[in-house]
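One structure below.
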Amino acid sequence: MREVAVVGIGVTEFGEKWETSFRNLFVEAGAMALEDANMSGDQIDEMFVGNMSAGRFVLQEHIGALIADYAGLVGNHIPATRTEAACASGGLAFRQAYTTVASGLNDIVIAGGVEKMTDVGGSVTTDALAGAADREWEGLVGATFPGLYAMIATDYMHRYGLTREQLAMVSVKNHANGAKNPIAQYRKEITVEDVIRSTRVADPLRLLDCSPVTDGAAAVILCPMEMARQFTDTPIRVLASAQACDTISLHDRRDISTLDATVAAGKRAYAQAGVTPKEIGMVEVHDCFTIAEICAIEDLGFCAKGEAGKLTEDGQTALGGSIPVNTSGGLKSCGHPVGATGIKQVAEIVAQLRGEAGARQVDAEIGMTHNVGGTGATVVCNILGV
Amino acid sequence: MVGIISYGAYIPRFRIKTEEIARVWGADGAEIARGLGVREKSVPDFDEDTITISVEAARGALARRPLDPGEIGAIYVGSESHPYAVKPSAAAVGEAIGATPVMTAADCEFACKAGTAAIQTGMGLVKSGMVTYAVAIGADTAQGAPGDALEYTASAGGAAIIVGNDDPIAEINHTCSYTTDTPDFWRREGQEYPSHGGRFSGDPAYFKHVQGAARLMLEQMGTTPSDYDYAVFHQPNAKFPTKVAGMLGFSREQITPGLAVPRLGNTYSGAVPVGISATLDIAKPGDRIFVTSYGSGAGSDAFDITVTDVIDSDVFNRNAAPTVEQLLANPVYLDYALYAKHKGKILMQ
Amino acid sequence: MSVPRYWRKQQNRYRLRGTHCETCGRYFFPPRNLCPTCRRDGTIVDYEFKGDGKVRTYSIIRTASEDYDLQTPFVLAVVELEEGTCLTAQVICTPEEVYIGMPVKKAFRRIIADGDAGVIVYGTKFVPA
């Protein structure tokens, strides 16, 4: 296997992009990544696009070709493929791209993700996202996505004594980071009080525990490390890209409060990179809900089970803490255009490792991403280093 | 002899008080409650309808007497609020209790006596040897237009009676009916709420037909009211059955156990089957029960029933399903706004 | 709601009819036609669950999609059946009543209706036992 580097990144501004269409969002991100890599589109060998539900959100399938077409990449008739694993669709695109470059099949590959969620009403969004879990045996009985994570939170709080305030602190911390991120959907700080007084969505989760509905796209360009310096002075190495799966339904899990797929993908990634959690300088975790960040911090081995609430309360996951988590603002504050999230996480770590993260810069040499599909049925973990 | 093999009732847990309905329409609730003899009525949950009530009632009957559902050869569901205009409630009930596919099924409608019509149909099939067991259900999520007199009583509930030949808990000694074409209450196809003839639904309708069937029964059986321990009459309110009982010579004591209407309201097709259930909940071997239903349009079915030793034997467990008294206990009260939401009376986009 | 999709699982939803692996003894609801433990060595047979269980975890759903909106707030739970398998279902009780470990039993209810003209999906929910 060849060593692989990320040589270009592009992320659109996240938010309610009323004037921008699904396809144009991606074209914007792709062009930014190519610009960043100082590269021509003609040099691309293959394209992977993460997208969860264009079929529900914009009634469009056949995303690979559509995106390649509007990105001006059909001249060479490159392979263009959509990857889908609900909210981990972007992570999947990255891993597919990594695999084809590492194996020697391709040299230059673009991995992107895009979601246009605001063209439909809230009820359709809720319904479409419920498809990330088991439609037949969870969705049909009335399980919403926040509801499923809320059931994790109920179990977790009951077993480990996590307080409502500690849960809120996850959101407060992510908003503090997002306030410093120019592409974030919610560039504003909030308080614990704001969170615990926000609208109840699915007890114990409230509105400010939940990631928002977001339009956005992100793209990164990968190539073999040996070619990387043709495109950039600051190539970032992909030290690991690992994926794991678990039962589609929460009710079939061994342990409600542990995402075994996170544990498995994390272990695989650490082994592949030859590092331990202690050596990770920062991590972008999948905080689709505050409880998800709590579980992720533990399941990735940054602290023991039951201790992530305390770690958060002590400020250890904030900028300047022992393990900064979600410097981008996370899904909560930066926004969560479902298919784009996994790629945006990689772009954030790359920006951090290049020293281009501005007010949220962390001094670290190794960073990690953690992208979850559904309630943990698919997890992709990547480790990147300078 | 053909008889009742088992029975089960079901009543939703929600109630609205007569006075709360009266408050909305600016009427004197205490006076209406006193006049009707109905203090409160049951209201279905958002996810309850005639099919769910029927299934729960039938499951209660099967819990009291576990028999092979495969031996159920017929299911009839009597109701005037079948969730589908076309597609049988009875087939869904059959599927839910495991009686499908070797069985016959149909929905019955005869206003408030569709449940007793189902019992008679089942008796015929059992007596003729066509089926081993027949399940007869009377259930309704009754409709009454907002502001109409019916709104004070139209409620939700039902009961299932399993009819068979072997070791019944109560033998059905005889049944007879009295039917004419009398338009005292009706609902045209496509209409949401029923219409009624006001005071016309009294003498020429309820009282004429209930007395007609009841007197026919007494005459054919050669009995008098004092030969019976209990009597159950159709109960659109408490006033009518109490009055007709008096006219026929039955005492208040005989009808009280089977008179659920003061706390339940009028469950339409479910009313008499629930009344039979409430009576069987307390009956002893040897007790004789006189039953007369009434369905607008109009007709009455009468039954002469004798409780057997089987009701207290090992093959039957009365405690395996809730009694009507237990179903009526600990209700959750709704105000009119929530009641309107439960009944789908709020206009929504 | 697709009619065949609903009809196909009718008995499973109505009667908690799941499956059982005779090889390893595991019970499955939702039903599986392949035992994840024994795979091709497993012998799968139908099994009707008794319907008694307890709440393993829960949430009170305050915001739901259109089909369930009228019922909010409602209790959603992971229910562990006596036979040892878990499923997701609604529990019919007030938000204040539910707790982890609460004993529940099955109840037959409407799940959703496809508008005013489409099919009604019935199935199993739970009530406090």
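The values are calculated or read from the model by the stated rules, or taken from the named source; none is laboratory data. All figures in this text were calculated on a predicted structure; none of them were measured in a lab. Using ideal geometry, Cβ is built from the backbone for each residue, glycine included, and neighbour counts are taken over all protein chains shown. These area figures cover heavy atoms from the full protein model, side chains too; ligands, DNA and RNA do not enter into them. Shrake-Rupley method; radii C 1.70, N 1.55, O 1.52, S 1.80 Å.
Run the dipole for chain B about the Cα centre, Lys and Arg Cβ at +1, Asp and Glu Cβ at -1, nothing else charged, and hand back the magnitude in debye, nearest 20.
Details: 28 positive and 40 negative charges, 146 e Å.
Computed charge dipole of chain B: roughly 700 debye.
Judged by the gyration tensor of its Cα atoms, with axes a ≥ b ≥ c, the range B:3-169 is prolate; a/c meets the 1.5 cut and a/b is the larger of a/b and b/c.
Using a cut-off of 10 Å between beta-carbons, work out the net charge of the residues near B:Ala96 (Lys and Arg +1, Asp and Glu -1, B:Ala96 not included).
With Lys, Arg at +1 and Asp, Glu at -1, the net is +1.
In a Gaussian network model over chain B where Cα atoms closer than 10 Å are linked, find which of B:Ala154, B:Ala170, B:Ala106 has the largest mean-square fluctuation. Of B:Ala154, B:Ala170, B:Ala106, the most mobile in the Gaussian network model is B:Ala106.
For each pair in A:Lys305/C:Lys125; A:Lys305/C:Lys9; B:Lys127/C:Lys105; B:Lys41/C:Lys125; A:Lys305/C:Lys54; B:Lys41/B:Lys127, compute the distance between the two Cα atoms and list the pairs where it is over 30 Å. Pairs exceeding 30 Å: A:Lys305/C:Lys125; A:Lys305/C:Lys9; B:Lys127/C:Lys105; B:Lys41/B:Lys127.
Order B:129-137, C:114-122, A:245-253 from most to least packed using the mean count of other Cβ atoms within 10 Å.
Working: B:129-137: 23.9, C:114-122: 14.1, A:245-253: 21.7.
Top of the packing list down: B:129-137, A:245-253, C:114-122.
Can you give me the distance in nm between label points at A:His77 and B:Lys239, each placed 7 Å from the Cα along the Cα-to-Cβ direction? Here the modelled spin labels are 8.7 nm apart.
In chain B, helical runs assigned H by DSSP with n ≥ 4 each contribute -39500 (n - 2.57); averaged across all residues and rounded to the nearest 500, the mean residue ellipticity at 222 nm is -8500 deg cm²/dmol.
When chain B is modelled as a GNM with alpha-carbon springs shorter than 10 Å, which of B:Gln235, B:Gln191, B:Gln120 fluctuates the most? Of B:Gln235, B:Gln191, B:Gln120, the most mobile in the Gaussian network model is B:Gln191.
Counting only helical runs of four or more DSSP H residues, what would the 222 nm mean residue ellipticity of chain A come to if each run contributes -39,500 (n - 2.57) and the total is spread over all its residues? Walk me through the numbers on the way to the answer.
Numbers: 14 runs with 139 residues, N = 386.
So the helix-based figure for chain A works out to -10500 deg cm²/dmol.
Inter-chain Cβ neighbour count for C:70-81, averaged per residue, equals 5 (cutoff 10 Å, partner chain atoms only). Give the residue from A:Asn371, C:Val3, B:Pro168 lying farthest towards the positive end of the charge dipole for the protein assembly as shown; charges sit on Cβ (+1 for Lys and Arg, -1 for Asp and Glu) and the dipole is referred to the Cα centre. Most positive-ward Cα: B:Pro168. Evaluating 6.51 cos²θ - 1.76 cosθ + 1.60 at θ = phi - 60° for every residue in the range B:271-277, the Karplus couplings come out as 4, 6, x, 5, x, 4, 4 Hz, glycine and proline recorded as x. Could you give the distance between the Cα centres of the range A:26-50 and the range A:370-386, to the whole Å? Taking the Cα centre of the range A:370-386 as reference, the centre of the range A:26-50 is 22 Å away. For a 4.7 Å threshold on C-beta separation, the list of partnerless cysteines in chain C reads C:Cys24, C:Cys86, C:Cys93. Other protein chain C-beta atoms within 10 Å of residue C-beta, averaged over C:102-111: 5.
Near B:Ser79, once Lys and Arg are set to +1 and Asp and Glu to -1 for all other residues with Cβ below 9 Å from its Cβ, the sum equals -4.
Taking a ≥ b ≥ c as the square roots of the eigenvalues of the Cα gyration tensor, an a/c ratio of 1.5 or more together with a/b no larger than b/c marks the range C:3-128 as oblate. The separation of the range C:60-129 from the range A:264-330, counted between C-alpha centres, amounts to 34 Å. Scanning residues 5 or more positions from B:Ala105 or on other chains, those with amide H under 5 Å from its amide H are B:Ile75, with H placed 1.01 Å from N in the peptide plane.
Counting other Cβ atoms within 10 Å of each Cβ, which trypsin sites (Lys or Arg not before Pro) in the range A:78-133 have at most 12 and sit in a DSSP loop? Display every interim value, and only then the final one.
Details: sites: A:Arg82, A:Arg95, A:Lys116; in loops: A:Lys116.
The qualifying sites: there are none.
Under a 5 Å amide H cut-off, with hydrogens placed 1.01 Å from N, A:Gly216 pairs with A:Glu115, A:Met117 among residues at least 5 apart or on other chains. Between the residues C:Gly84, C:Pro31, C:Gly42, the greatest Cα displacement towards the positive end of the dipole of the range C:3-128, with unit charges on the Cβ of Lys, Arg, Asp and Glu, is found for C:Gly42. One Cα centroid belongs to the range A:169-217, the other to the range B:161-228; the line between them spans 65 Å. In chain B, Cα pairs under 8 Å separated by at least six residues give a relative contact order of 26 percent.
Interface between chains A and C: roughly 2700 Å² of accessible area buried, both sides summed (probe 1.4 Å, protein heavy atoms only). Would you work out if the range B:80-215 is rounded, prolate or oblate? Take a ≥ b ≥ c from the square roots of the eigenvalues of the alpha-carbon gyration tensor; rounded if a/c is under 1.5, else prolate when a/b is larger than b/c, oblate otherwise. Verdict is oblate for the range B:80-215. Loop-located GluC sites (Glu not before Pro) in the range C:1-75 (DSSP state not H, G, I, E or B) with no more than 14 neighbouring Cβ atoms inside 10 Å: C:Glu22. Counting Cβ atoms of other protein chains within 10 Å of each Cβ in B:39-46 and taking the mean gives 2.
To the nearest 20 debye, what charge dipole does the range A:236-377 have about its Cα centre, counting +1 at the Cβ of each Lys and Arg and -1 at the Cβ of each Asp and Glu?
Rounded to the nearest 20 debye, it is 260 debye.
Step through the residues of the range A:274-291 one at a time and calculate ³J(HN,Hα) from phi using the Karplus curve (6.51 cos²θ - 1.76 cosθ + 1.60, θ = phi - 60°), rounding each to whole Hz and writing x for Gly and Pro. Whole-Hz 3J(HN,Hα) from phi for the range A:274-291: x, 10, 10, x, 4, 8, 7, x, 6, 9, 9, 9, 7, 8, 4, 9, 3, 4. The label-point distance for A:Val386 and B:Ala320, in a model that sets each label 7 Å from Cα toward Cβ, rounds to 7.6 nm.
Taking amide H positions as modeled 1.01 Å from N, with prolines and chain starts lacking one, the residues under 5 Å from B:Val332 and 5 or more places away or on another chain are B:Phe14, B:Arg15. Summing +1 for each Lys or Arg and -1 for each Asp or Glu among the other residues whose beta-carbon sits under 15 angstrom from that of A:Glu279 gives +1.
By a straight-distance test (C-alpha under 29 Å), which lysines pair with A:Lys17 as possible cross-link partners, with residues fewer than eight away in the same chain excluded? Here the lysines satisfying the reach criterion relative to A:Lys17 are A:Lys116, A:Lys173, A:Lys180, A:Lys188, A:Lys332, A:Lys344.
Per-residue Karplus couplings for the range B:295-306, computed as 6.51 cos²θ - 1.76 cosθ + 1.60 with θ equal to phi - 60°, are listed in order as x, 5, x, 7, x, 9, 10, 10, 9, 10, 10, 10 Hz, Gly and Pro entered as x.
Run the numbers on chain A and let me know its relative contact order in percent, using alpha-carbon pairs under 8 Å that are six or more apart.
Worked out over chain A, it gives 26 percent.
Angle of helix A:22-36 to the longest C-alpha principal axis of chain A, folded into 0 to 90 degrees and rounded to 10: 60°.
For the ranges B:241-252, A:256-267, what's the packing order if you count other beta-carbon atoms within 10 Å of each residue, average per peptide, and put the highest first? Kindly include the intermediate steps, with their values, before the conclusion.
Numbers: B:241-252: 17.7, A:256-267: 23.1.
Result, highest mean Cβ count within 10 Å first: A:256-267, B:241-252.
Contact order normalised by length for the range B:3-169, with contacts defined as Cα pairs under 8 Å and 6 or more residues apart; what percent is it?
Working: 401 pairs, mean separation 54.4, N = 167.
For the range B:3-169, the relative contact order is 33 percent.
A Gaussian network model of chain C, with springs between Cα atoms under 10 Å, assigns the largest mean-square fluctuation among C:Gln11, C:Gln71, C:Gln90 to C:Gln71.
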